[in-house]
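Below is one structure, written out as structure tokens; comments come after it.
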Amino acid sequence: MSLDVSPKLLAEAEQGAIREEDFVDTVRTSLPYAYDLIASLATELHDGQAEFTDNQTPPPSEKERGQLLRALASDAIRGSLERHFGVALAFQNCHRVAAFRPGTQDSETYTKFTSLRSQVLNQSPEFRDC
């Protein structure tokens, strides 16, 4: 799955740097499931007191799963979404993405979420082919 880059944005990129807002808008329109999921996690995090918010609901189809994997596998996309929403993202499996407050990557909670142990404990047979 690729981003649907407009001819205007492509021309700008060919000339030099692009605005991150334009890139994020391209991500929003190209990967709407991933964008909306991260937006909802960020809103829930910012509106509450929890150390993090996470999604444990599988995507409705492989199309949406692909969008989420694409967004989190790309450093440029992931970093832009983190800056746009003011969160630090962590990812465990095919759909368990979490939003943490920026600067908490050294916290016990973040370290536990991203640990080898948590990764192993968060596995199940239905995730083998995702």
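Tabulated data for the structure shown
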item: Matching residues, segment 11-26, being open to solvent by 50 Å² or more (accessible area, probe 1.4 Å), under 11 Å from A76 (Cβ atoms) and either assigned to a helix (DSSP H, G or I) or not hydrophobic (A, V, I, L, M, F, W, C) (or both); result: E20
item: Residue selected from segment 47-96 under the condition exposed (fewer than 15 other Cβ atoms within 10 Å of the Cβ) and among the acidic types (D, E), by the criterion nearest to V5 (Cα to Cα); result: D75
item: Scan of segment 63-118 for residues that are closer than 14 Å to L45 by Cα, among the small types (G, A, S) and under 11 Å from the mean Cα position of the chain (by Cα), ordered by number; result: A88, A90, A98, A99
item: Matching residues in segment 62-100 - criterion: being in contact with a Leu (Cβ under 7 Å, 6 or more places away or on another chain), among the basic types (K, R) and free of Cβ contacts under 8 Å to residues at least 60 places away in the same chain; result: R78
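The values are calculated or read from the model by the stated rules, or taken from the named source; none is laboratory data. Owing to the predicted nature of the structure, the values given are computational and were not obtained by experimental measurement. For neighbour counting, all protein chains shown are included, and Cβ atoms are generated from backbone atoms with ideal geometry for every residue, glycine included. Protein only, heavy atoms only, side chains kept; ligands, DNA and RNA dropped before computing areas. Shrake-Rupley method; radii C 1.70, N 1.55, O 1.52, S 1.80 Å.
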